[in-house]
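The block underneath contains the structure these notes are about, expressed in structure tokens.
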């Protein structure tokens, strides 16, 4: 038994450097590890754009980490947006009346939402659930039309 364990450990030990030698061919795929993603810190949220440019036409991926107690205001986008909650809880409303305390629905980590073309919504994070981090895939440029109606 000990002999088999020693042989197995020698095999695994010799295989480890082979894994460390692997790399991604940048002409086939572009890869970023979490430490390579450049986040822009903000009071309401932190954002990153690991794919595309929000000011130029083309596919984009926005990462947004909403800080507790901060929300966008009712608005819509001229393009559909596809979102996945990657950490925490994301609170969303499809109302044009801004009332985060009573008008938002919680979506936990793993939830998937689609903002439809010209569909009013607003979103953010509540203090009782902490930060909410979302990955949003969309066509850029990113534009928004405000739709808030005051009560």
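The values are calculated or read from the model by the stated rules, or taken from the named source; none is laboratory data. What you are looking at is a predicted structure, and each value in this text was computed from that prediction instead of being measured. Please note: Cβ atoms are built from the backbone with ideal geometry, for glycine as well, and neighbour counts cover all protein chains shown.
General remarks:
- Of all the criteria given as (1) out of contact with any strand residue (DSSP E or B) (no Cβ under 9 Å at 6 or more places or on another chain); (2) within 23 Å of residue 42 (Cβ to Cβ), the one not satisfied by residue 151 is (2).
- All positions within segment 62-76 that are more than 14 Å from the chain's Cα centre (by Cα), part of a loop (DSSP other than H, G, I, E, B) and under 22 Å from residue 39 (Cβ atoms): 69, 72
- Residue among 92, 117, 97, 85 that alone is part of a strand (DSSP E or B) and farther than 24 Å from residue 34 by Cβ: 92
- Residue match in segment 45-57 (condition: buried (at least 20 other Cβ atoms within 10 Å of the Cβ) and touching a strand residue (DSSP E or B) at 6+ places or on another chain (Cβ under 6 Å)): yes
- Residue that is farthest from residue 87 (Cα to Cα) [pool: residues in segment 101-114 that are part of a loop (DSSP other than H, G, I, E, B) and touching a strand residue (DSSP E or B) at 6+ places or on another chain (Cβ under 7 Å)]: 103
- Tally of residues being touching a residue at least 24 places away in the same chain (Cβ under 8 Å), under 24 Å from residue 78 (Cα atoms) and over 15 Å from the mean Cα position of the chain (by Cα) across segment 97-132: 12
- Test: residue in segment 81-90 that is closer than 17 Å to residue 146 by Cβ and in contact with a strand residue (DSSP E or B) (Cβ under 9 Å, 6 or more places away or on another chain): yes
- Complete set of residues in segment 64-74 that are over 12 Å from residue 43 (Cβ atoms) and either at pLDDT below 95 or surrounded by fewer than 18 Cβ atoms within 10 Å (Cβ to Cβ) (or both): 73
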